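Written out below as structure tokens is the structure these notes cover.
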Amino acid sequence: MSVPITVRPMTKADLGAAEALCETLDYAPSPDDLRSHYESMADSSEHSLMIAELGGRVVGFVHVFIKRMLEDAPQAQVQAIATLPDVQGQGVGSRLLAAAEDWARARGIGAVTIYCAEYRDDTHDFYAARGYDLTVRSSRFQKRLD
């Protein structure tokens, strides 16, 4: 008998696990930054932070938000989705992605967008297998404002 995957809202108590999950994506926010970012979004109706649990253990998270644009209809954007390496292939990522899609659908959003690094070929295959089309290849530019 398999253990069910539970998806629920992220709480402050999950931030330690979220920090470890961010590291699987090659991000390394400090605990203070992670807490600050969480607090800025936790009560927002335009952001959702969800945790996946397997047998009571936090094994993944997804952050999805409403991206509003002048030139196009609002979209839901999956900012981050991560699962622990030892549970990959067990449906955790699929369950989190479905939860993000349900969240968007419940808000009348008609599309979900995900940006994914070029080198993450396995992840590209994961999204394609779940009905996502590669629509644009682009580069991201950033300027730090001091």
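Each Lys and Arg contributes +1 and each Asp and Glu -1, all at the Cβ; summed about the Cα centre of the range 5-129, the dipole is approximately 460 debye.
Quickly estimate the mean residue ellipticity at 222 nm for the chain, helices only: each DSSP H run with n ≥ 4 gives -39500 (n - 2.57), and the total goes over all residues, rounded to 500.
Helix-only estimate at 222 nm: -9500 deg cm²/dmol.
Looking at the range 5-129, the pairs of alpha carbons with a distance over 24 Å make up 25% of the total. Normalised by the number of residues in the range 5-129, the mean separation of alpha-carbon contacts (under 8 Å, six or more apart) gives a relative contact order of 22 percent.
Bear in mind that the values in this text are calculations on the coordinates, not laboratory data. Since the model is a prediction, treat every value here as computed from it, not as a measurement. Note that we place each Cβ from the backbone using ideal geometry, even for glycine, and neighbour counts take in every protein chain shown.
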